[in-house]
Amino acid sequence: MAERVEQRLEDRVPELEQLERVGLAVLRKATALEYKIQRRALQKEDFIKYIQYEINLLELIKKRRARIGYSFKKDEIEHSILHRVHSLFNRATGKWKDDIQLWLSHVAFCKQWNAKHQLSKVFSTMLAIHSNKPALWIMAAKWEMETQLSSESARHLFLRALRFHPECPKLYQEYFRMELMNAEKQRKEKKEFEKAKMDLGEFNYSEEILNGEMARIVYRDATQKIKGVEFQLAVLSIAKLFDFTQDLQKEILEKHGVFSLQANYTEDPLTWDYLARRELELGALQAPGHSTKQRKVLEMSQREERCCAVFEEAVGAVPTEDMWKCYITFCLERYKRKTNSEELKQKRLERTLSVFSKAHECNLLPEALYKQWLQLLLESKLSEKAVEVAEAATGRFSLSVETWQTRLQVLIQLQREGVSQCFEEAVKHVKSKGTLPLWTLWVEWSEGTNSKEDTQALYQRSLCATTPAESVTMKEMYLDWTYRNGGYKKVRRVFTSLCENRPFSLDFFRKMIQIEKEQESCKMLHLREYYERALREFGSTDTDLWLDYIKEELNHPQGKPENCGTIHWRAMKMLQGDLVEDFVSKYTLLQTGHL
């Protein structure tokens, strides 16, 4: 292994000689990294660290060149490092083929350093291994089309991808988009040539491609395999982005559009959503070119009413949560649009609140939308209605922590009575798992409202009521509250009692250490107790805890520097895996005064 490392380091000699001119010395770090990737038991993290080191070095060289004005020998320096990074990526992706993030990191690196030839190879290898991921095919095709400006290569990739994924809607959508982009590009080129009065004889611009026939073929092929309104609407929205696709849009609408949608997809909320929103566009087309502001407001109001008429028909024909969600989403979008007309804004608000009420009365208002309804009611100063809706929401979703939390926040915000009873009711209905948001809200409210005794009792109750994992947060909050309200002696007693029941968080111990250090007579004896307790729980996974303990012994007036050797020995025994090496590095820096 040593021979291989030495050989690879010798290969760097020309590069290192040039780096001296730039003022960088890198041999020691490179040697350590090289040894790690030559071990028998290879670890992915070692390759990632080496790659990141080389990328950082490239950035540093770039800055140093700019600072000293040295722009020579790029082949010996940058190109050598770039080649090494690509080699490291190739080894890593060869070893850990299934790690998509590694492949994507290599792709990003190639793009950043404009390594087009290398990127083409990366895409080719990656797609051979991960042919089951449509998103990667789309990424490669987009690069060919947008960066390499090669519609042929992009088309070839899409066709290959469709052999693996013949029924993937996203692939067809992006292929359709690519063909339209290619048509638009050629149309612009032809227009520029004609404007310059150049002879187009040597350029072969096919009228079929210029008119989007290739996209039409893609669309027709897709409709043979993919059914459903969502795909039809997605393709239509793409076609609308290009100003030469009127005929194509007409075909989508006529053969697979409005009439077909109504006939074949009447149970799909997206169908009705499209049909309703289309009324806005139709209204816009029919509006006269010149009109007063009042006239425009009236026209907009009429168009929105036509949309709502379609939605009303929709919720009657398809009485589902999804359908009501589409209707409410539309109303909220219109309400949030800016307008100078107070009358139109008020009408939109009334309509939105009315639709919320209707959905609620039908028991078809989705849980997530109750929160938006309540926000709207509170903004509109409809406090009584907000309290009523919040109560109804918890009646319908009595097991939902989030819904209870929203109701309680409404009561607290409006400063209503009965908050404690509502908390009691909430914890009675929901299971202990996941109730942490309720308990944190409860104790925070209690801190500002109830007596210290009541709040302390509530904290103690929360420790038993939450799951062990969630009780960790409550312990931290309890400790902090006790110190703020009861002082140092009381927080010491609470800390000792809390330490009787696991689990703990590292922040719990660090908070107590910080409290001790804030005291005028900070005792090293107490700090040792806190560090020892923390190390029993986190000594095998946290290097900084050991280092902080050593620093305290070195710097505290009552510290014993002779204890540092013992602490160091214990850390070496207790830390796991690579953490030992990390600890040794940091400890060395500490000894030399660099940490």
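The values are calculated or read from the model by the stated rules, or taken from the named source; none is laboratory data. Not measured: the values here are computed from a predicted model. So basically every Cβ, Gly included, is an ideal-geometry build from the backbone, and we count neighbours across all protein chains shown. Ligands, DNA and RNA are stripped out before the accessible areas are found, and what is left, the full protein with its side chains, is counted by its heavy atoms. Shrake-Rupley method; radii C 1.70, N 1.55, O 1.52, S 1.80 Å.
For the stretch 445-503, rounded, prolate or oblate, judged on the Cα gyration tensor with a ≥ b ≥ c (square roots of eigenvalues), a/c < 1.5 rounded, else prolate if a/b > b/c? Since a/c reaches 1.5 but b/c is at least a/b, the shape of the stretch 445-503 is classed as oblate. The label point for THR541 and the one for MET572, both projected 7 Å from the Cα toward the Cβ, are 2.5 nm apart. Counting only residues at least eight positions apart within a chain, or on another chain, the lysines with an alpha carbon under 17 Å from that of LYS29 are LYS49, LYS586. Calculated accessible area for the chain comes out at 55 Å² per residue, all protein chains present (probe 1.4 Å; ligands, DNA, RNA ignored). With mean projected area of the Cα convex hull in nm² defined as stated, name the option among (i) 37.6; (ii) 40.8; (iii) 28.3 computed from the structure displayed. It is the one labelled (ii). Computed over protein heavy atoms with a 1.4 Å probe, the carbon and sulfur contribution to the accessible area of the stretch 442-536 reaches 47%. The residues GLU3, GLU424, GLU254, GLU529, sorted by heavy-atom accessible surface at 1.4 Å with ligands and nucleic acids left out, run GLU3, GLU254, GLU424, GLU529 from largest to smallest.
A 20 angstrom limit on the alpha carbon distance is what I want to check against. Which of LYS63/LYS116; LYS336/LYS381; LYS63/LYS121; LYS489/LYS523; LYS452/LYS475; LYS36/LYS63 exceed it? Violating the 20 Å limit, Cα to Cα: LYS63/LYS116; LYS63/LYS121; LYS36/LYS63. Assuming a ≥ b ≥ c are the square roots of the Cα gyration tensor eigenvalues, decide whether the stretch 462-595 counts as rounded (a/c under 1.5), prolate (otherwise, with a/b larger than b/c) or oblate. Oblate shape, in that a/c is at least 1.5 and b/c is the bigger or equal ratio.
For LYS116, what is the net charge nearby, where nearby means another residue's Cβ is under 13 Å from its Cβ and Lys, Arg count +1, Asp, Glu -1? Within the 13 Å Cβ shell, the charges total 0. May I ask for the net charge around ALA161, where only other residues with Cβ less than 11 Å from the Cβ of ALA161 are counted and Lys, Arg are +1 while Asp, Glu are -1? Charge balance near ALA161 sits at +4. Modelled label positions at LYS296 and GLN460, each set 7 Å beyond Cα in the direction of Cβ, lie 6.7 nm from each other.
Given a 1.4 angstrom probe, I'd like the percentage of the accessible area of the stretch 63-198 that is carbon and sulfur, rounded to a whole number. Solvent-exposed carbon and sulfur of the stretch 63-198 make up 52 percent of the total.
Classify the stretch 272-375: rounded, prolate or oblate, from the alpha-carbon gyration tensor (a ≥ b ≥ c, eigenvalue square roots; a/c under 1.5 rounded; otherwise prolate if a/b is larger than b/c)? Judged from the Cα gyration tensor, the stretch 272-375 comes out oblate (a/c at least 1.5, b/c at or above a/b). Here the relative contact order of the chain, from alpha carbon pairs under 8 Å that lie six or more residues apart, stands at 4 percent. A Förster radius of 41 Å, combined with the Cβ-Cβ distance separating GLU3 from LYS523, puts the computed FRET efficiency at roughly 0.15. Per-residue extension of 0.36 nm, minus the Cα-Cα distance of ASP243 and SER120, leaves a gain of 41.0 nm for this segment.
Every helix of 4 or more DSSP H residues in the chain counts as -39500 (n - 2.57), and over all residues that averages to -24500 deg cm²/dmol at 222 nm. Of all lysines in the structure, the ones whose alpha carbon falls short of 26 Å from that of LYS195, not counting any fewer than 8 places away in one chain, are LYS185. When nucleic acids and ligands are ignored and a 1.4 Å probe is applied, TYR53 ends up with an accessible area of around 40 Å².
What net charge is computed for the residues neighbouring GLU402, neighbours being all others with C-beta under 11 Å from the C-beta of GLU402, Lys and Arg scored +1, Asp and Glu -1? Value of the local net charge: +1. With R₀ set to 35 Å, the beta-carbon distance separating ASN340 from ILE412 gives a calculated FRET efficiency near 0.50.
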